[in-house]
2 protein chains.
Amino acid sequence: MTLSLAASTDLAAEMAALGRAARAAARVLALARPEAKNAALIAAAAALRQSAAGIVAANRRDYEEAAARGTAPAFLDRLKLDGPRIEAMAKGLEDIAALPDPVGRTLATFTRPNGLVIERVATPLGVVGVIYESRPNVTADAGGLCLKSGNAAILRGGSESFRSTQAIHACLVEGLRAAGLPEAAISRAPTTDRAAVGMMLAGLDGAIDVIVPRGGKSLVARVQSEARVPVFAHLDGIVHVYVHAAADLEVARRIVLNSKMRRTGVCGAAETLLVDRACAATHLAPLVATLLGAGCAVRGDAATQAVDPRVTPASEEDWGTEYLDAIIAVKIVDGLDAAIAHVERYGSHHTDCIVTRDEAAAERFLAEVDSAIVLRNASTQFADGGEFGFGAEIGIATGRMHARGPVGVEQLTSFNYRVRGDGQVRP
Amino acid sequence: MTLSLAASTDLAAEMAALGRAARAAARVLALARPEAKNAALIAAAAALRQSAAGIVAANRRDYEEAAARGTAPAFLDRLKLDGPRIEAMAKGLEDIAALPDPVGRTLATFTRPNGLVIERVATPLGVVGVIYESRPNVTADAGGLCLKSGNAAILRGGSESFRSTQAIHACLVEGLRAAGLPEAAISRAPTTDRAAVGMMLAGLDGAIDVIVPRGGKSLVARVQSEARVPVFAHLDGIVHVYVHAAADLEVARRIVLNSKMRRTGVCGAAETLLVDRACAATHLAPLVATLLGAGCAVRGDAATQAVDPRVTPASEEDWGTEYLDAIIAVKIVDGLDAAIAHVERYGSHHTDCIVTRDEAAAERFLAEVDSAIVLRNASTQFADGGEFGFGAEIGIATGRMHARGPVGVEQLTSFNYRVRGDGQVRP
């Protein structure tokens with residue numbers, strides 16, 4: 001007991017020191033030249049390539065330990081690193097280096113009648129805490145995005161990937177050192193102790209400005225419920241495709257299939273198909289046949305069940321379920337208002353789509369569905385920072401504060417006002 | 001005990017119902033036409049004028065009760081309403097109506113190589129909780145700003161102004177009704193029970209998106225420490241004017257005097273004067289004389305004490321004190337770096353100013369001082385949404401999330417992405 005108390009006191013002191021060092025590094029990073037940040041990213045990419053064998057070896061130990069514990073295959077697959085995955089991380093850092101610098105952008109300028117020129121300029125947020133599961137590549141992605149946006153990062157990866165994270169983090173530090181930037185600009189919780197997560201969620205005595213969780217629903221739920229600092233995240237991606245009365249069947253078929261089946265495990269994958277009653281007679285059966293033919297299980301309301309014996313009944317719960325799998329829930333709705341009402345009731349304000357040739361209906365859907373991303377006639381799988389042209393993203397946020405939708409380097413900035421006068425005083 | 005438990009259960013149920021009604025109203029407001037919102041504001045202004053006698057009578061009862069309890073004169077002054085103050089509230093609502101509508105603005109548009117057109121559009125935040133002290137005019141200001149920005153508001157004014165708040169709120173509801181908008185769009189905690197504040201800070205079961213506190217430091221501190229939802233606020237306004245080596249004395253004199261003495265009780269009032277050692281021989285004595293001559297008490301370091309016997313010694317505590325009074329702390333600093341370091345160490349990241357004719361020094365100060373508002377050669381009292389051209393402001397925020405600096409109607413909005421395609425799917 002005494003020992004564990006001492007250990008936890010030590011950890012608290014260590015994490016607090018990490019926080020203070022990150023805060024100091026954030027100040028340096030905020031003022032760093034773009035060239036220095038880019039040099040660090042490029043040097044880190046080189047270090048990843050040079051250290052590939054060591055990273056793979058560290059990862060093998062993580063992997064074998066996890067496999068010996070009988071960890072699920074999907075988990076093991078995310079954990080595993082090999083040459084191509086390390087190369088992808090290195091390339092990712094170089095891509096981030098190639099993005100325009102998000103700090104110092106002039107977001108607005110206005111001149112007041114008294115001659116004051118007021119400029120709104122992008123500044124970093126400060127210190128970003130990143131809490132993720134055993135996907136070691138997040139170490140490089142998140143560290144790189146924070147660095148580019150002038151923010152210090154405190155990374156806390158899953159305990160099963162501890163050695164992998166450590167090896168990748170060492171390369172990031174090598175990059176920082178090569179560029180003359182403080183090593184504390186990207187730091188790492190030095191422990192697998194879960195208490196470190198709680199300390200980060202409490203904000204490390206004001207050292208952390210925002211938390212970004214990367215991982216499954218239970219991680220995000222814990223972070224959202226416990227964090228005492230702002231969180232950029234989404235809990236669910238209950239994504240709808242609504243096939244409106246005036247939808248072209250071929251366009252609908254293409255968009256529904258791609259939205260659901262291109263990749264079923266991403267947050268922008270469709271989970272519910274709403275078909276307007278007005279086109280159900282012509283569109284429902286072909287859409288269901290397309291989905292079934294592609295290997296997607298279909299759960300439907302009575303009308304949907306009637307079109308194919310392989311359709312199983314959808315329960316109330318299905319309308320609020322994110323399957324992240326080759327399963328879709330299908331429902332007939334009575335017109336645009338009913339579709340919007342369904343999305344608002346069961347959706348997660350992430351990404352939703354209308355398929356229609358009717359301009360007015362499309363625009364009403366775009367205006368009235370309160371989701372981070374609303375599309376007309378395009379696959380929901382475009383819900384992605386890269387597809388938006390933001391470069392890499394640290395995640396997709398469904399909150400309404402600060403960042404909403406894909407969170408790229410621009411969304412990792414704040415701003416301040418710089419006011420230039422020539423002696424003005426206020427009457 | 002049973003009774004008070006029952007009462008608190010009742011209050012919790014009542015507040016939760018208020019939250020649900022506000023959330024439903026927010027959905028209606030988000031889609032309301034600008035004309036409807038403006039009609040409500042104008043009708044509310046008319047109702048205030050028509051009800052002026054009743055408001056003054058309600059206020060008199062609040063005032064007499066507070067005065068009988070021996071409440072401080074400054075508090076009583078803020079509580080008091082009369083004809084001109086009611087007219088100012090009504091005019092304030094009309095001014096808000098005249099602002100451009102902040103909802104639906106296109107913030108950015110970009111076309112992707114695949115032809116997708118992605119638009120970022122301003123949307124309301126949702127439900128804003130406003131917690132304020134006994135300044136009944138905040139009822140109209142905050143209610144009006146939330147309405148204009150398409151947000152539902154839940155107002156909780158100080159208990160000493162309960163009747164005044166109720167009377168003003170009734171006029172806002174009259175305006176909403178006249179415009180066909182839901183009355184729950186601006187609601188009011190129906191009690192002086194402080195437990196209602198705690199419930200709002202907990203977010204009313206997810207019904208409140210953001211809290212805005214309006215009042216003194218103890219209120220803001222409580223809100224910041226207890227809120228489980230984002231807060232737009234500043235705790236302190238420890239505002240600096242730095243007179244650089246290359247400052248014109250007359251410009252410095254005018255800016256220092258205005259920054260400190262125009263109004264001493266506002267958050268943008270200067271609290272500390274930093275004078276560069278390089279110009280102290282010529283500038284310090286005249287600046288101190290100007291301040292003393294204007295009735296400002298001066299607390300200074302040794303050099304400042306040496307220029308006038310009326311200067312009293314400044315202690316370490318003075319550098320971190322927001323006087324909100326005719327008192328200033330004065331210190332000699334060794335150059336620009338020392339000035340910036342002082343501001344970063346003791347400041348509150350609110351508003352800071354450099355006075356100089358040196359372009360490079362001015363720009364370094366603007367770039368390196370991490371405050372919401374940084375000025376060169378202009379009074380710190382310009383730290384005000386009206387002076388920035390934002391129209392009215394609900395407050396000034398020093399946090400880095402979402403809103404920073406003056407929080408006007410534009411800062412009370414979020415955004416979403418509206419994506420227009422013609423059948424694009426993701427490869």
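Computed from the coordinates by the stated procedures, all read-outs in this text should not be read as laboratory data. Just so you know, these numbers come straight off a predicted model, no measurement behind them. Every residue, glycine as well, gets a Cβ built from its backbone with ideal geometry; the counts of neighbours run over all protein chains shown.
Here are the numbers for this structure:
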| item | result |
| --- | --- |
| Residue A:68/residue A:217 FRET efficiency (R0 30 Å; Cβ-Cβ; nearest 0.05) | 0.70 |
| Under 5 Å, built H, 5+ apart or other chain: amide partners of residue A:314 | A:300, A:301 |
| Amide H partners (placed H, <5 Å) of residue B:186, local residues excluded | B:153 |
| Chain lengthening between residue B:282 and residue B:88 when straightened (0.36 nm per residue, less Cα-Cα) | 65.4 nm |
| The range B:147-291, relative contact order [Cα under 8 Å, separation at least 6], % | 17 |
| Closest Cβ on chain A to the rotation axis that carries it onto B (distance rounded to whole Å) | A:402, 2 |
| Under 10 Å, Cβ to Cβ, from residue B:243 - net charge with Lys/Arg +1 and Asp/Glu -1 | -1 |
| Farthest toward positive dipole pole in the range A:239-384 [+1 Lys/Arg, -1 Asp/Glu at C-beta], among A:333, A:272, A:284 | A:284 |
| Fraction of beta bridges assigned by DSSP in chain A that are antiparallel (%, nearest 5) | 30 |
| Whole-Hz ³J(HN,Hα) from phi, Karplus 6.51 cos²θ - 1.76 cosθ + 1.60, for the range A:145-152, glycine and proline x | 5, 5, 4, 4, 8, x, 9, 6 |
| 3J(HN,Hα) from dihedral phi, the range A:179-193, Karplus parametrisation 6.51/-1.76/1.60, rounded to Hz, x for glycine, proline | 8, x, 9, x, 5, 6, 5, 10, 10, 9, 4, x, 7, 9, 4 |
| Other-chain or far-sequence residues with amide H under 5 Å of residue B:202's (modelled H) | B:228 |
| Folded to 0 to 90 degrees: helix B:162-178 orientation relative to chain B principal axis, Cα | 60 |
| Relative contact order of the range B:240-342, defined on C-alpha pairs under 8 angstrom at six or more residues apart (%) | 33 |
| Listed residue pairs exceeding 23 Å between alpha carbons, taken from B:37/B:91; B:217/B:260; A:260/A:331; A:80/A:148 | A:80/A:148 |
| Surrounding net charge for residue B:295, when Lys and Arg each add one and Asp and Glu each subtract one, Cβ distance under 12 Å | +1 |
| Share antiparallel - DSSP beta bridges, the range A:271-427, percent rounded to 5 | 15 |
| Environment charge at residue A:201 (Cβ cut-off 9 Å; Lys +1, Arg +1, Asp -1, Glu -1) | +1 |
| Modelled label reach - residue B:77, point 7 Å along Cα→Cβ, the range B:277-300 residues with backbone N closer than 14 Å | none |
| Among beta bridges that DSSP assigns inside the protein assembly as shown, antiparallel share in %, nearest 5 | 25 |
| Whole-Hz couplings from phi, Karplus 6.51/-1.76/1.60, listed for the range B:31-38; x for Gly and Pro | 9, 5, 5, x, 4, 5, 4, 5 |
| Helix A:277-293 axis, angle to chain A major axis (alpha carbon atoms, nearest 10°) | 60 |
| Tilt relative to chain A, helix A:249-261 - C-alpha long axis, 0 to 90 degrees, to 10 | 40 |
| Positive-pole candidate from B:73, B:237, A:216, dipole of the protein assembly as shown, charges at beta carbon | B:237 |
| Packing rank of A:341-351, B:12-22, B:307-317, A:369-379, where each peptide gets the mean count of other beta carbons within 10 Å, highest leading | A:369-379, A:341-351, B:12-22, B:307-317 |
| Other protein chain Cβ atoms within 10 Å, averaged over every residue that makes up A:371-383 | 6 |
| Chain B - percent relative contact order, Cα under 8 Å, separation 6 or more | 18 |
